[in-house]
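Please read the structure below before turning to the comments.
The values are calculated or read from the model by the stated rules, or taken from the named source; none is laboratory data. No experiment lies behind these values; they were computed from the predicted model shown. Counting neighbours? That spans all protein chains shown, and the Cβs are built from the backbone with ideal geometry, glycine included.
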Amino acid sequence: MANFPNLPPSPPVTDRDGRGRVRLTILIAAAIAGMALLVSSAHGADAGRGKLLYENQCVLCHTAKIHARAGQPKLTREEVRRIAEDRVRDNNITWGKEEIDDVVEYLNVSRYHFAPK
């Protein structure tokens, strides 16, 4: 370990109440979940941006229930993209291909977990 003469030594790390490990586990889990939303997929879509777009446009009508209706077959990436394109057109939303790709990717990482291409 490096010795820096102008800095006081770091205090030892202790976990007297046993909650330190729980806090660390929660912090790591939150970081991993956050990274999953921010990491771009192989085809360049940005799930973090898709989340913002979805929250600013789609949740006005769509609650989380719309994506988990009982008895409905699981949608594919292409089906979700087609639905998104239809809604964008029908509601005169000024999104291009990139915005739709981003929303589809957000729905992938947050709800549908599509099979890899």
Single residue of Leu52, Leu37, Leu75 found to be modelled with pLDDT of 90 or more, within 17 Å of Glu105 (Cα to Cα) and either assigned to a loop (DSSP other than H, G, I, E, B) or not hydroxyl-bearing (Ser, Thr, Tyr) (or both): Leu52
Answer from Ile32, Ile100 - the residue that is assigned to a helix (DSSP H, G or I), modelled with pLDDT under 80 and among the β-branched types (Val, Ile, Thr): Ile32
Residue that is surrounded by the fewest Cβ atoms within 10 Å (Cβ to Cβ) [pool: residues in the stretch 81-108 that are among the hydrophobic types (A, V, I, L, M, F, W, C) and under 14 Å from Leu53 (Cβ atoms)]: Ile93
